[in-house]
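The values are calculated or read from the model by the stated rules, or taken from the named source; none is laboratory data. Just so you know, these numbers come straight off a predicted model, no measurement behind them. Cβ sites come from the backbone with ideal geometry, for glycine too, and all protein chains shown count toward neighbours. We work out accessible area using only protein heavy atoms, side chains counted, and drop any ligands, DNA or RNA first. Shrake-Rupley method; radii C 1.70, N 1.55, O 1.52, S 1.80 Å.
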Amino acid sequence: MNLVTPRGFRDRLPAEASERESLSASIGAVFESWGYGLVESPVVEVYAMLEAAAGDLEGTAFRLFDADGRLLALRPDMTLPLARVAASRLRSTPGPHRLRYDAEVFREHESLRGQARQFTQLGVELVGAGGPAADAEIVALMVESLVAAGLPEFTVALGTVAVLHALVDAAGAEPSWKAAVLKAAHDRNLVALDALMAEPQVPAEVGQALSEVMRIKGGREAIERCRAVAASCGCASVLDELEITWDLLDASETSGRVVVDFGVLRDFDYYTGIILEAYAPSLGLPLGGGGRYDGLMTAFGAATPATGFAIGLERLQVALVEQSASAPVRGLDALVGGDPAERFGCAKRLRDAGWHVRMTSADGLELVREAERAGAAEALVARAGALVRLDRDGGPALPLEEPTPAPPTLSWAKGGPR
Amino acid sequence: MTPGRRLRVAVPKGVLFPDSVRLLAEAGLDTTGLAEPGRQLTVETRDAVFVIAKPTDVPVYVAYGGVDCAIGGKDVLVEAGLDVVELVDLRFGACRFVVAEPEDAGREVDEHYRHLGVVRVATKYPNIAEAHFESRGIQVELVKLHGNIELAPLIGLADQIVDITATGRTLRENHLRIVEDVLESTARFVGNPVSVRTDPRVTALADRLSELPLS
């Protein structure tokens, strides 16, 4: 019997898991402070439902049959389940709905690609609100949550699929050409895109505009540049809205972290408006992303605007480690030894005072060593109803002050040593 | 966002190597020592860290952010199917994917297909081959080999092969003839999706490469 986990799934031990818990809490608190309520959904969904909304999920969704022979899938993201919740149980409740989640999602990956098949997403969905105010709320919230996670360096790229769609429509070419353009854009294949734009059936100014637009990025001025190139192709209103969105980001003091980038595209093809993606330097994969997905709600029979984003907890952790900014985790305040009858009582008094305490049957030097290994701030022994500190050699030293002082690690938790 | 780190560029070993080095130099990068790396796996210059890569590993290095950008054959990119941004067609290293079979096969393969309902195909590129036959609605059994694909029909391992060819010479020398084209390939300049979005040096290099007078 090999005690292994399936490929792409793994266990997390306390050091790692408590950092994750701390990050989840910081980001969840930001979501909560913007009025987003926590939602939990089943790990499995009916596959046909996912497919109806997101298109082909073969090779992406983790599929299984239940005992009734029904095809199920582990949720590949949280946007689909939450859109389902919004389109069903929340349908008759007046919106907009502000929902947040902290959940494991599952995706298939071919073997030997070094990819996890389970990961954790922290995210929000704003259902029932459209326009620049909703867009800006989502972008600002993403920036604020990454700041709250303690990530020193990151940028959020803000783009829109609406410009691409407007230009493709303006070209007036046949549907197969449109499909090829969208596919090339999703595959991030600029070579194929340029070739498609150069085809004789495409009006030269449209082709030129699209090739240029995909490469425009910058601050607010990038929207102007896009307007100069593409406004004649029917996307002026999209750009007006994007400008308002930018100004709202300015007002919320988050625009400093945002870059407008008309080349950003995301894998899932249900996005209909803005697209956002967060990057950390030297992390070759995005930290997270999202966008507007009004079409998805329509597919669920509840035509209503919706936006959202998710942050990948594992990638965020990697970025934090690379920027030497691991999540602060509160450690142990004390190890308490001594006769069980003594130590149970004394340890309770410490815990009541807010201490994190581990009890041990070790004594003397052995206790001091154990405390060092556990990273505990104090090595204490309970004797005659009182707590005595041990010195380095395991001998009794000064007694612990009365009344019980504040836990030593509390101040550390604010970014000090672990 | 370019924290004092040098640009990391993967360059494929083998047939694409000399032209890749030449183009990178023409695009203005300091490539001192890159042309003759000896046994070095990386070459550091004023402008960049060049990573000398096995061609099939190029897409992996790029997709996972091991390098910011790279030159790689379209063939390898398609086969890997990883998330990289294809920025410039460099138009050298042209070759094509073809389906080939023994010259004397005649109608043998057709007969085979009619009676057995399946054609056995040997290839180094199972994903490309599978996609091709699927789009044609032909049922095949694929055998993945790691080299000398031309041998497979000669030793009776396969009816047909899917392989790349530049001039068709190797195929002719092994008495194989081309049945149909699968896809054409040239060298591409590709970037990591995040590097393309965040590192202006990658897009600048792409612009300079696309402005070169390419053959």
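Given a 1.4 Å probe, how much area per residue of region A:1-120 is accessible, in Å²? In whole numbers, region A:1-120 has 57 Å² accessible per residue. In terms of the mean number of neighbouring beta-carbon atoms within 10 Å, the peptides A:223-235, A:75-87 order highest first as A:75-87, A:223-235. To the nearest 10 degrees, how steeply does helix B:17-26 sit against the main Cα axis of chain B, on a 0 to 90 scale? Helix B:17-26 and the main axis of chain B meet at about 30 degrees. Taking a span of 24 Å or more along the helix axis (Cα atoms) and a mean Kyte-Doolittle hydropathy of at least -0.5 as the rule, the DSSP H helices of chain A that qualify are A:14-33, A:131-148.
Give me the extension gain from A:Asp68 to A:Lys183: residue separation times 0.36 nm, minus the current Cα-Cα distance, reported in nm with one decimal. Walk me through the numbers on the way to the answer.
Values: separation 115, 0.36 × 115 = 41.40 nm, distance 3.70 nm.
The span from A:Asp68 to A:Lys183 would gain 37.7 nm if fully extended.
For region B:95-183, the share of accessible area belonging to carbon and sulfur comes to 47 percent (1.4 Å probe, ligands and nucleic acids excluded). Only helical runs count toward this figure. For the protein assembly as shown, summing -39,500 (n - 2.57) over DSSP H runs of n ≥ 4 and dividing by all residues gives -11000 deg cm²/dmol at 222 nm.
On a per residue basis, chain B carries 48 Å² of accessible surface, using protein heavy atoms and a 1.4 Å probe.
In this model, which of B:Lys13/B:Lys144; A:Lys183/B:Lys54; B:Lys54/B:Lys74 are farther than 19 Å apart at the alpha-carbon? Walk me through the intermediate numbers first.
Values: B:Lys13/B:Lys144 22 Å; A:Lys183/B:Lys54 29 Å; B:Lys54/B:Lys74 14 Å.
In this structure, B:Lys13/B:Lys144; A:Lys183/B:Lys54 exceed 19 Å between Cα atoms.
Burial annotation for region A:188-230: residues with an accessible-area loss of at least 30 Å² between the isolated chain and the complete set of protein chains, computed on heavy atoms with a 1.4 Å probe, are A:Arg188, A:Asn189, A:Leu190, A:Val191, A:Lys217. Amide H to amide H, with H built 1.01 Å from N, A:Phe62 comes under 5 Å of A:Leu74, A:Glu108, counting only residues 5 or more places away or on other chains.
Taking a probe of 1.4 Å, how large is the accessible area per residue of region A:306-418, in Å²?
Values: 5800 Å² over 113 residues.
Per-residue value: 51 Å².
Can you tell me the 0 to 90 degree angle between the C-alpha axis of helix B:126-136 and the longest principal axis of chain B, rounded to 10? With rounding to tens, the tilt is 60 degrees.
For the chain pair A and B, buried accessible area totals roughly 1900 Å², probe 1.4 Å, rounded to the nearest 100.
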